[in-house]
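Asker: A single structure is presented below for examination.
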Amino acid sequence: MSFDTIIRGGTVATASDTFACDVGIRDGKITALGADLGAATEIVDASGLLVLPGGIDSHVHIAQPSGPGIVMADDFASATRSAAFGGNTMVLPFAMQQKGESLREVVKQYHAKAEGQCYIDVSFHLIIADASDAVLGQELPALVNDGYTSFKVFMTYEGLALSDMEMLKVMTVARETGALVMVHAENYDAIRFLTDRLEQAGKTEPKYHAASRPIPVEREATHRAISLAELIDVPIMIVHVSNREAMEEIARGRSRGLKIYGETCPQYLMLTEKDLEGLNMEGAKYVCSPPPRDKDSQAACWQGLQQGIFSLFSSDHCPFRYDDPQGKLLPKGKTSFRWVPNGIPGVETRLPILFSEGVSKGRITLNEFVALTSTNHAKTYGLYPKKGTIAVGADADIAIWDPKRKETISQSLMHGGTDYTPFEGIAVTGWPVSTMVRGKFVVRDGKLTGKLGGGDYISRDKSELAKPVHPEARIS
Ligand code: URP
Ligand code: ZN
Ligand code: ZN
């Protein structure tokens, strides 16, 4: 048997094993693993390097409408280029519905934005903002059948927040169709109340963003989302968990036998609310929701990763430029943190941060790293075993890592559309040097070699993890 490519001499790691092994690739697939594989059109020398499944970042926002006068810093080209440099081979952005819009139309618009513009593979989650009978009765079930097998709901944000009644209806559709619900858990009314009070007291700088959504706001909504899911008997994923109390709600739900999954992100390991205290508008660089918390919250998020309470480590990449009135600087006439667009960039730094802080510093194993950044994303969102592993038959989506390389994260190293990284100055050990999607290098030895349009749209199966605890029981 001959191959298009053999990656030779590296150490392969999957979510379960680490072994010395060559990887044979033909027609974009992994077709052999072993020693002395024979001839290939190209031999890639991976001696001294790690050969890992490419990262899958299942929580990114790309080219999403973000309010009047605000423009997201990444389109599909810049976001997927940046992701590839960060060791990712696939991202899952959101196709976001706004009130009154047809979900099917929204999906078409996102396909038009992504078509021919991706360096790596993409698939879309949906965001349900308008839980009307037509959307829930017809559009959503049809889209789930068409491979859009997960959707996000918001418990906060103007124009996006769903009532408990709407959440229950959406969860019922998920149960009936086998889709997975992702929940942004923050209490909308509490945030509005606190925001009004802070503004009335003249507390308008970016640092008050954190004060407007303290931990109980997230904990209460997490508890409520879990309770609603329990009523419907439907699994849910609580996304971007920032602190111990919300994490404990997930653990408690699980101990009651519920399928409650959790995700955390680099900002909750590396940043705190102190980062929002920068002079003038500097703090706006760190405004995201939930906000970064404190040292104990960081420790809790590590524990959640180590103990499996969080199965996903995603970036929640939501990029806005800093020095730009269409980004983090307030538009004319707006004077408070309320108007700072929520979200920070991170698709390129997610993997080096977890590798360095997790694997290099001994907090998690290499196999746990692979699970948290790739395999679990594929399993959770209906992509496994085509994606998320190194196995015969899987897509040859591979990141080659130099585990010893030292870098300092800096905007000058980034390849996306923003003008800053919130992780500036963090020293890391371990760096993705090459990224291959379906057998073709997109980044090779730190240089872009992929072509625009080389990334495909991937339709997804329903996730095994989305099956209810009692599938045979009727919803009363
Ligand atoms: O602040 C954040 N996280 N912005 C992105 C949108 C979201 O809620 O995930
Ligand atoms: Zn969210
Ligand atoms: Zn997000």
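Asker: From 75, 17, which residue is within 27 Å of residue 460 (Cβ to Cβ), among the acidic types (Asp, Glu) and not assigned by TED's automatic domain parsing to the domain that holds residue 114? Before the answer, list the steps.
Answerer: Working: 75 fails: not assigned by TED's automatic domain parsing to the domain that holds residue 114.
Just one listed residue meets the conditions, 17.
Asker: Show the residue pairs that are 6+ apart or on different chains and have beta-carbon atoms under 6 Å apart, the first residue being within region 448-476 and open to solvent by 70 Å² or more (accessible area, probe 1.4 Å), the second being among the hydroxyl-bearing types (Ser, Thr, Tyr).
Answerer: So the pair list comes out as 462/149.
Asker: Does residue 316 satisfy the condition of being at pLDDT 95 or above, open to solvent by 20 Å² or more (accessible area, probe 1.4 Å) and of a type in the set (Asp, Glu)?
Answerer: no
Asker: Let me ask something else. Would you say residue 402 is surrounded by fewer than 14 Cβ atoms within 10 Å (Cβ to Cβ), farther than 30 Å from residue 177 by Cβ and of a type outside the set (Lys, Arg)? Let's see the steps before the verdict.
Answerer: Numbers: surrounded by fewer than 14 Cβ atoms within 10 Å (Cβ to Cβ): no; farther than 30 Å from residue 177 by Cβ: yes; of a type outside the set (Lys, Arg): yes.
Taking the combined requirement at face value, the residue does not satisfy it.
Asker: Next up: Which one is nearest to residue 73 (Cα to Cα) among residues in region 277-331 that are among the charged types (D, E, K, R) and within 16 Å of ligand 1 (Cβ to nearest atom)?
Answerer: 321
Asker: Any residue in region 77-88 that is over 11 Å from residue 62 (Cβ atoms) sitting within a Cβ distance under 6 Å of a residue that is assigned to a helix (DSSP H, G or I) and modelled with pLDDT of 95 or more? List the pairs, counting only those 6 or more apart or interchain.
Answerer: 86/351; 87/351
Asker: Continuing with this model, one more query. Out of region 94-105, which residues are surrounded by fewer than 21 Cβ atoms within 10 Å (Cβ to Cβ) and more than 16 Å from ligand 1 (Cβ to nearest atom)?
Answerer: 99, 100, 101, 102, 104, 105
The values are calculated or read from the model by the stated rules, or taken from the named source; none is laboratory data. The shown structure was predicted, so the numbers you read here are calculated from the model rather than taken from an experiment. Glycine also receives a Cβ, built like all others from the backbone with ideal geometry; neighbour counts cover every protein chain displayed. All accessible areas refer to the heavy atoms of the entire protein, side chains included, with ligands and DNA or RNA removed. Shrake-Rupley method; radii C 1.70, N 1.55, O 1.52, S 1.80 Å.
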